[in-house]
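See structure below.
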Ligand code: PSU
Ligand code: MN
C-alpha cells in the first residue's frame, strides 16, 4: 500500500504491533502548541512513562522530515517542544507539511488518522477540539469531530473544554454517530472541571467494559471513534464557574485581537493559563496523566479481548 511509504514507525512500535502488544497513541500539538516549554516536554515524557507503567507502549505521533512518525525519541520530543514555527497539523495540513518537509505537531484529527494508518486503535489526549462558541456565525467546528465520525480510533479525553460550546459539541457527536462515554460518573466533564452541567449520553465504570464496547462497535463495522470522557481528579479540578470567568475574558481578548482559525485554541489555552496563574496548566497536566492511565488500561484490555 502507498500509505506505508509515508509512515515511519519506531522500531519499538513495529515490534509491539507485530507481537500484538497494547499501544497507546499520543498527540504532539499539546506539546508544541498546548503547553509552555519546558513543562511541555517533561509532561510528554511523564505521560509516556505512565502509559508504560499501565501495561502499554506509548506512540507519540508527529510529522518530521516529510514522514508520518509513529513513536518519537527524546530528541524529537525536545525539538517539537522547543522550536518555533512547528506547524499545527490538522487533516488539511498533512500533504503540505509532508511536501515541504516542515516539522509538524499533530492535532487530535491528524493523530487519529496516522494512528489508524499504523494500526493503533487507542489514543490519549487532554481535550478534543469541538464546536466553538458562536459557531452558528463563524462556522468554527474542529476537524477533530469530523475525523471522529469516520476513523476507528478511540479517544480518551477529559471531556470538552468550555472554550467550546459543550452542548453543540455533544449534538454534533450524536449526529455523526459517535458514542460518548463518561468514565465513572453520570455528568459529562468539562476538562478543568469534573462537571459540565450536561448529563453524559453513556456511562461506564471500568476499562474492560469500555474495551468490550469498542470491540462490539468495530466488529459491526460501525466506523468512527468512541469518545471516552475521563473526569479530572477531584483534588486538581478548577470549579466550572471560576473557569467560566477566565474563559469569558479570554474569548473577549481573542475577539478584540482578531484571533481566529487554527490560532484560536492555542491562544485561548495560553491566555487562560496566564489568567489562572498556572492553575489551569497544573490541571491540564494532571488530567492528561490521568487519561494516560485509563487509556493504557483500555488498550491492554482491548487487546486481551481481540486475542
Ligand atoms: N485542547 C487542549 N489542548 C490542546 C488542544 C485542544 O486542551 O492542545 C489541541 C488538540 O491538538 C486539538 C486541537 O486537536 O487543539 C484542536 O484545534 P482546532 O480547534 O483548531 O481544531
Ligand atoms: Mn477551528
Cα→Cβ-extended label distance, 7 Å offset, between residue 234 and residue 1, nm: 4.5 nm
Per its Cα gyration tensor (rounded if a/c is under 1.5, else prolate when a/b beats b/c, else oblate), the range 19-95 is best filed as oblate
Listed with the fewest Cβ neighbours within 10 Å leading, 10, 33, 248 appear as 248, 10, 33
Cut-off 17 Å (backbone N to label point 7 Å along Cα→Cβ of residue 175), residues of the range 118-150: 129-150
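Relative contact order (percent) for the chain, with alpha-carbon contacts under 8 angstrom and 6 or more residues of separation?
20 percent
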Antiparallel content of DSSP bridges confined to the chain, in %, to 5: 35 percent
For an R0 of 41 angstrom, estimate the FRET efficiency from the Cβ-Cβ distance between residue 208 and residue 241 and round to the nearest 0.05. 0.70
For labels at residue 253 and residue 42 in the simple 7 Å Cα→Cβ model, what's the distance in nm? 2.3 nm
Listed residues 105, 255, 286; largest mean-square fluctuation, Gaussian network over the chain with Cα springs below 10 Å, found at 255
No solvent, one uniform scatterer per C-alpha: report log10 I(q)/I(0) for the chain via the Debye equation at q = 0.16 1/Å, two decimals. -1.38
Over the range 1-148, what is the mean sequence separation of C-alpha contacts under 8 Å (at least six apart), divided by residue count, expressed as relative contact order in percent? 27 percent
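Just to be sure I understand: of the beta bridges DSSP finds with both ends in the range 137-244, what percent are antiparallel, rounded to 5?
DSSP beta bridges in the range 137-244 are roughly 30 percent antiparallel.
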Going by C-beta contacts inside 10 Å, put 287, 281 in order with the fewest on the left. 281, 287
Debye calc, one equal point scatterer per Cα of the range 220-289, no solvent, log10 I(q)/I(0) at q = 0.15, 0.29 1/Å comes to -0.61, -1.27
Would you mind ranking 265, 106, 175 by Cβ crowding within 10 Å, fewest neighbours first? 175, 265, 106
How high is the relative contact order of the range 172-307, in percent, counting Cα pairs under 8 Å that sit 6 or more residues apart? 29 percent
With springs connecting C-alpha atoms under 10 Å apart, model the chain as a Gaussian network and identify which of 11, 36, 233 has the largest mean-square fluctuation. 11
Provide the percentage of antiparallel DSSP beta bridges, counting only those with both residues in the range 1-128; round to the nearest 5. 35 percent
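Computed from the coordinates by the stated procedures, all read-outs in this text should not be read as laboratory data. Here the structure is a predicted model, which is why all the values come from computation and not from measurement. A quick note on method: Cβ atoms are made from the backbone with ideal geometry, for glycine too, and the neighbour counts reach across all protein chains shown.
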